[in-house]
Amino acid sequence: MKTSTYFYVIFALTILTGCKQAYTPPSGAVTTNYLVVFGFLNSGADSTIVTLKHTYSLAAASAAEAENNAQVSVENDAGAVTKLSEYGNGRYGLTGLSLDNNRNYRVRIITSGGKTYLSAFTAVKIAPPIDSLEWNKSDTGVSIFVNTHDPQNNTRYYMWDYIETWEFHSFYQSYVHLDSAADTIIVYQDLIPVPHVCWQSDYSSNILIASSAKLSSDIISKQAIAIIPVNSEKIAARYSILVRQYALTKDAFNYWQALQKSTEQTGTLFDQLPSSITGNVQCITNPGETVLGYVSAGSITTKRIFIDSTQVQPWEYYQPCGTKYHVRDSLTYYLHNSQIPIGIVYGKVDTIKLTLRDTIFRNIDGYIFTDSYCADCTVKHGDTLKPSYW
Amino acid sequence: MKFYKLYYILLISGFHLQMTNTTYAQSQKSITLHFENRLFQEFVQAVEAQADFHFYYNPSQLDSFRITINILNKSLKEILDSIFRDTDFHYAVDDDNNVFVLKQFRIETDLAKEFFTHKTNQQDSLNGAEAELNNFFDEKNEKIKSSLENKLYEIGIKTNAVSHGNSTIAGYVRDAKTGEPITGAAVYIDNPPVGVVTDQFGYYSFSLPKGKHLLKITSIGMRETKRQIMLYSDGKLNIELQEYVPTLKAVMVTSEKLSNIKGIQMGVDRLNIKLIKQIPVVFGEADVLRTVVTLPGVTSVGEASTGFNVRGGSADQNLILFNGATIYNPSHLFGFFSAFNPDVVKDVELYKSNIPEKFGGRLSSVLDITSKDGNKKKFSGSGGISPLTARLVLEGPVDSGKTSFIIGGRSTYSDWLLHVVPNSEYQNSSASFYDLNLNLNHEFDKKNSLYITGYMSSDKFRLNSDTTYKYSNKNANILWKHIFSNKMYGTLMFGYDRYEYSVSGNANPVNAYKLSFDVNQYNFRADLNYNLNTANAVDFGISSIFYKLHPGSYLPEGSQSLVVPNVLQPEQALENALYLGDKITLSPRFSISAGIRYSLYYYLGARDIYTYGPGLPREEMNLLDTVSYASGKIINNYQGPEYRLSARFAITENASVKASYNTLRQYIHVISNTASISPTDIWKLSDPNILPQTGDQFSLGFYHNFKSNIIETSIEVYYKRMHNYLDYKSGAQLIMNPHIETDVTTTRGKAYGAELLIKKLTGKLNGWISYTYSRTLLQQDDPLEVQKINGGQYYPANFDRPHNVNFIGNYKFSHRFSVSLNMVYTTGRPLTLPIALYDIPGSQRVFYSERNQFRFPDYFRTDLSMNIEGNHKIKKFKHSSWTIGFYNLTARKNPYSIYFVEENGEIKGYKLSIFGTVIPSITYNFKF
């Protein structure tokens, strides 16, 4: 009996524990040093940006290291060279590059280490104007679509990105202000000392591409660009999206399409399968070296729309905000615990009245607190500066 | 002295005879006859009319004897000598011109000679029956055997003159003890060297010149035997073979074995279950697939994996047949055990290069597993018990030897074990499987038999997770065999095969899901074998398979689940095939086998088909239109011929060269996601967007046997081409994909390799060593594809494992104790590694190495097993044995999978080894 138990334990341990071990890839397999180049050569008056970064390790807390002090220039197939200025943090650029739409362009990079990289020559693709941005609301949220067309049937491959900006309000408006230096609370009248209305922006993170190659005419109709989940904060007050449209070469389109399919997720049942997509940049000094990234050239067209919360009703943005009462004596503790006061309680607790506009100063028993983000919109990284277009 | 004794015997026998030569004068009388196929009686009347002779004979012995004779003025002696030549009739003429005709009475004239040389003759007759004299157990059988071997069997309608030309002999080879048919037994004659191998029913049929022959019958594990035959015309001969029971003091005399030299088949490995049972395996169960992967040219996908690869083909390119039923997943517990009960399996054949034309539909190999029919003579059983599994098989006759059955079951009860371990992680794990077999066969008459087989296997497991995997095979078929004539027989089969799997996750009741999938196949086939003449054995037939696949359904599990049900449209197809083949013996040294198979494939509605912009890559983006087809409507079809050619040339008695060329087509594909922890396979039928796979293979082999065929050596080389083999695109999404064509791409493949084998299957020390070098390289060749895998260069396939060494050794210390050792070394399989992270505008991406650029660590494993048997008394109610085994003796942690997960923003690699330590096992096997 004893021996058999022993056997069973061995079996169980074998099947279930002895199995999972950390795997270290063979030496030389993991690299953190490939150059990653992304650039868009803007043919118009807007700025051109080329970023030079490096791949980084799979380990935690690593971030892309920038390639600084490189010489980056834009060349065309007629031999014209324009040098880009270094903006720092691996960014190089110039405003108003004014490309010749009939020429092909490429980027030459000479790193401080003396290596030369060249992107493939690419045509300057002029983006047709965005015809319209439209949106509709469904059970899942508000979807935003783009419509465009090229009457010359020339563009065929499109890419978009966007910047969305929204106004949002904190749940409470506070009439009291905390002077943290003095650990005292100042009560104002008819003033909102704590930021209450903010604006926040976000950039698109997905690769947004579409093609009309399969169609007889170059029309993109109702291409989904963004979706705002139902009851999201983004349309709690007012929302705006600026969509930028690029025209791509077929090669660039294929690159972005392949990249679109790869994600950073691994290890799950529904995993996507591994991909190794490089791009159109090559190392000249060391032809075998892997270089990632893509450089395209062209113009950008943009369009902005606004969506007001009144247009999407019912839209119930829920903030999990509540208040708590604390007596004056415990003030110091709560002030340092991500909570801020939003009101004053006079007299007894059971007669709490948030009569914030009450100008009569009576004996203060305590304060009403709430989580800081519920009263201060800047806690959620909002910006109190109203955008110029708002 | 001697003379008197003879005389005395003759008196006793009631005839007063003299030696024939003393009657010389009388029989000089000349006779003239012109007879065409006449009765003996007529012959007698004619002779008696012409001369003064009186015939004495037993009419019942001679009523089927027909005479064709054309003579002018010949003596009676000459006539009788001529008509009785090559028969066992003998005659004598006495002084009174009485003619006595007797059957099997060799005594008359030959008696004296035989009597005087009696001892020598007996030794002659026992010549080759080597071990008999020393056999203490088999005395009775040996007597039977000897007498059977010495008897002259007359086949066909007897004639006095054996006409020229060929006749066909046919019949069954069966086990004398159980009455079960023996597959793969060689039935042959030496001069001219013709012969056949019995089919799965134990049936053989071949043509040979008329006349007297020594028919030899050999089969693995059975005692070799021979039959003296006198072939007059087409006829039948059933042969029973005795099991080979090793003797205690065996005198090893090996006579001529059916060797790899003589068979025309190349690239075929035949394994008998006895051999399989000698090989050490995990948890003490004899395992068909684990044995198959030790053969040269066969590699396993990985430890605990569902498949095996043959000569650089993928796992789905193997057609696995179990009694003619297609098995889609031949394993239990994701490959820990194979799905075939070792007590039910009779034998296994693996065709690697020259695939017989009757098989098709897969590109790489055919693994044909046959189960036992059931003991026709007595009720018996066998089984085994180990701490993890138990199995029991019962078999026996139903009525007077016409019907027999075999029923088998196997199950695991390891679940309880996981639950007793005091750790919540284990308590959340479970693993169980079972399989059931039922075979029935009935012989209506000598010409008609019916075989019904049923098989079912089921698996369910959950290892330390909230995800439960289930899969199941279900197969049933009915086969009717009809013998039209000695030269022709046919089989008709109807069958149904099903494979299903499901994955369900219930970690979070809100997300609880069940993903399920199944393949169904309805089969019909008719096969005919026709032995045209000595030189030609023809087979032809038709087959038809109707497929119905449910490519996926993703459904909520439980009432709280909010999963949106998603069911993909089913797929239907019909695959028909027609084949014709001929085995041609051009000369004793040179033979050819040629076959053609034509397959016709129809992809059928109801289904929606996506069309893509002309000249554009098949991407969702380029989706142009959806065309709906009604139920049963032909959506598209593919067809094409397949050629199967092989030739053998015997250089010497011990060496031969074989060559073959094969083309094959495959209409059903598997796309496997090997990057995840638990590989999930997607089966897909060819459709307008997914072309059938095609391939061809050239192979050349050289075989040389040493020491009277005790040691077999062979070298085979092959070169294989594959077209339209599917691989996934970068970033493909395979599961629940309604348009899988957008995520796969076609590749061109080439595979080449060499296989070396040294084998010794007899003696105290037996086993084999094989080395296989095999490469499989793929190249993306879809002209529409722009993002080429590895820049459009050749890259190793997922299962490319160049070096494979296998050693199987078995040493018998005594008849009751033997030790087996199994060693495996293979190159690790290819791996695509995430090698870096990088930022693209707006998000982060993982950069992977080139496809399959890296490899798993090399695989090495040693297993040891010991077999302790009870006493060997043949007449004993129950035979039992103990098997003690150690799997992975060196406790090497061979990885089963390597996968990467994101944990706290870090991508971490893990390797999972299933059998990372020595696994002891003990199994009790019994047989009654």
### Task
Tally the residues that are among the β-branched types (Val, Ile, Thr) and closer than 25 Å to B:ILE478 by Cα, restricting the search to region B:501-543.
3
### Message
So, in region B:529-550, exactly how many residues are within 30 Å of B:PRO570 (Cβ to Cβ) and among the hydroxyl-bearing types (Ser, Thr, Tyr)?
### Response
3
### Scan of region A:307-344 for residues that are assigned to a strand (DSSP E or B) and at pLDDT 75 or above, ordered by number
A:ILE307, A:ASP308
### Message
Go through (1) surrounded by 20 or more Cβ atoms within 10 Å (Cβ to Cβ); (2) among the hydroxyl-bearing types (Ser, Thr, Tyr); (3) more than 14 Å from every other protein chain (Cβ to nearest Cβ) for B:THR389 and report which single condition fails.
### Response
(3)
### Task
Could you grab me the full set of residues in region B:589-619 that are of a type outside the set (Gly, Ala, Ser) and free of Cβ contacts under 8 Å to residues at least 12 places away in the same chain?
B:PRO614
### Task
Identify, from the list B:ASN662, B:ASN622, the residue that is of a type in the set (S, T, N, Q), free of Cβ contacts under 8 Å to residues at least 60 places away in the same chain and crowded, with 19+ Cβ neighbours inside 10 Å.
B:ASN622
### Task
Please verify whether region A:62-79 includes one or more residues that are within 28 Å of the chain's Cα centre (by Cα), within 30 Å of B:LEU833 (Cα to Cα) and free of Cβ contacts under 8 Å to residues at least 12 places away in the same chain.
yes
### Message
Any residue that is over 26 Å from B:VAL393 (Cα atoms) and either surrounded by fewer than 24 Cβ atoms within 10 Å (Cβ to Cβ) or at pLDDT below 85 (or both) - is there at least one of those in region B:320-338?
### Response
no
### Task
With a cut-off of at least 2 residues that are in contact with a Pro (Cβ under 9 Å, 6 or more places away or on another chain) and farther than 18 Å from B:TYR612 by Cβ, name the strands (runs of 3 or more DSSP E) lying wholly within region A:202-267.
A:238-247
### Query
Can you tell me which of A:SER112, A:SER132 is away from every other protein chain (no Cβ under 14 Å), over 23 Å from A:GLN260 (Cβ atoms) and part of a strand (DSSP E or B)?
A:SER132
### Query
What strands (runs of 3 or more DSSP E) lie completely within region B:562-674 and have 3 or more residues being of a type in the set (S, T, N, Q), away from every other protein chain (no Cβ under 14 Å) and touching a helix residue (DSSP H, G or I) at 6+ places or on another chain (Cβ under 9 Å)?
none
### Task
Inspect all residues belonging to region B:886-896 and state whether any of them is modelled with pLDDT of 75 or more, in a strand (DSSP E or B) and more than 7 Å from chain A (Cβ to nearest Cβ).
yes
### Task
Would you check which residues across region B:815-849 are surrounded by fewer than 17 Cβ atoms within 10 Å (Cβ to Cβ), within 7 Å of chain A (Cβ to nearest Cβ) and not polar (S, T, N, Q) and list them?
B:PRO841, B:GLY842
### Message
Going through A:LEU35, A:LEU41 one at a time, which residue ends up being away from every other protein chain (no Cβ under 11 Å), at pLDDT 85 or above and either surrounded by fewer than 20 Cβ atoms within 10 Å (Cβ to Cβ) or under 28 Å from A:THR95 (Cβ atoms) (or both)?
### Response
A:LEU41
#### Entry: Residue count for region B:808-861, restricted to those that are of a type in the set (Asp, Glu) and assigned to a strand (DSSP E or B)
1
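Yes/no matrix, rows are residues, columns are (1) touching an Asp or Glu at 6+ places or on another chain (Cβ under 9 Å); (2) at pLDDT 85 or above; (3) within 14 Å of chain A (Cβ to nearest Cβ); (4) crowded, with 18+ Cβ neighbours inside 10 Å:
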{"residue": "B:THR467", "(1), (2), (3), (4)": "no, no, yes, yes"}
{"residue": "B:ILE483", "(1), (2), (3), (4)": "no, yes, no, yes"}
{"residue": "B:GLY490", "(1), (2), (3), (4)": "yes, yes, no, no"}
{"residue": "B:LYS514", "(1), (2), (3), (4)": "yes, yes, yes, yes"}
{"residue": "B:ASP527", "(1), (2), (3), (4)": "yes, yes, no, yes"}
### Query
Looking at region B:697-729, which of the residues that are within 14 Å of chain A (Cβ to nearest Cβ) and in contact with a Leu (Cβ under 7 Å, 6 or more places away or on another chain) is modelled with the highest pLDDT?
B:ASP727
#### Entry: Residue list for region B:584-594, restricted to those being buried (at least 21 other Cβ atoms within 10 Å of the Cβ) and either out of contact with any Lys or Arg (no Cβ under 7 Å at 6 or more places or on another chain) or at pLDDT 95 or above (or both)
B:THR585
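The values are calculated or read from the model by the stated rules, or taken from the named source; none is laboratory data. Quick caveat, the model's predicted, so the values are computed rather than measured. Positions of Cβ are generated from backbone atoms using ideal geometry, with glycine treated the same way; all protein chains shown enter the neighbour counts.
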